[in-house]
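The values are calculated or read from the model by the stated rules, or taken from the named source; none is laboratory data. In this text the structure is predicted, and so the values were computed from the model without any measurement. Heads up, the Cβs are rebuilt from the backbone with ideal geometry, glycines too, and the neighbour counts pull from every protein chain shown. SASA here: full protein model, heavy atoms, side chains in, ligands and nucleic acids out. Shrake-Rupley method; radii C 1.70, N 1.55, O 1.52, S 1.80 Å.
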Amino acid sequence: MSKEIAVLGAGCFWCVEGIFNSINGVEEAISGFTGGNVENPTYRQVCDTDTNHAEVVEVTFDNEVISYKELLEIFWNIHNPTHLNRQGNDVGTQYRSSIFYTSEDQKKQAEESLKEFDNGTLYEDKFVTTIESLDKFWPAEDYHQGYYNENPDQPYCSAVVGPKIAKFKSKFKQILK
């Protein structure tokens, strides 16, 4: 197995983690934070103060099974990259559309992928996704890990996360575990 890490921000990390953990070739997706100015932030700090962190998912994947380019295609399809600091009713800089690269090759692939998908086909408006170097990934508190699987009937999960995961699974059946 040839392991690689992708760090992606596409709104609420409960949705993103649930999606990426269902993909063949993904070993693990962990909810967390990056891109901010506070060491080891808590969820409360990220939500209530100006830490500048994004909610992200660190995806460990086998690039012999699924490529970084394929993960980026999924990324563009699971959120609206044209909304600045917002996904649905979730508003704030922590919900920004963002790609945090771990190598120059990932940076190049992210830039190429952005050009490929920001063409009016998926969304009419211009993408606002940031492409940033990964400094440090901070895992979110334990109760956030696998949150949707543990709490599918929680109101936010049943109204937002569940339908988003179902839509993804319907479109990308061929790559599911």
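State in Å² the accessible area per residue of the stretch 41-177; use a 1.4 Å probe, count heavy atoms of protein chains only, and round to the nearest integer.
On the way: 7510 Å² over 137 residues.
Per-residue value: 55 Å².
Can you flag which of Lys107/Lys164; Lys3/Lys108; Lys69/Lys107; Lys3/Lys107; Lys107/Lys136; Lys3/Lys136 are past 21 Å Cα-Cα? Before the final figure, lay out the partial values.
Values: Lys107/Lys164 27 Å; Lys3/Lys108 19 Å; Lys69/Lys107 11 Å; Lys3/Lys107 17 Å; Lys107/Lys136 16 Å; Lys3/Lys136 18 Å.
Result: Lys107/Lys164 exceed 21 Å.
Please grab the % of Cα pairs in the stretch 2-91 that end up more than 16 Å from each other. Write out the running numbers ahead of the final one.
Values: 2177 of 4005 pairs.
In whole percent, the share of Cα-Cα pairs in the stretch 2-91 beyond 16 Å is 54.
Carbon and sulfur together cover what percent of the accessible area of the chain at a 1.4 Å probe radius? Display every interim value, and only then the final one.
Details: 4060 of 8830 Å².
Taking all protein chains in place, the chain shows 46 percent carbon and sulfur surface.
Given labels modelled 7 Å from the Cα in the Cβ direction, how far is it in nm from Glu73 to Glu104?
2.7
Between Ile131 and Glu28, what is the label-to-label distance in nm when each label sits 7 Å out along the Cα-to-Cβ direction?
Going from the Ile131 label point to the Glu28 one covers 2.9 nm.
Please compute the modelled spin-label separation between Asn89 and Asn40, points set 7 Å along Cα→Cβ, answer in nm with one decimal.
3.4
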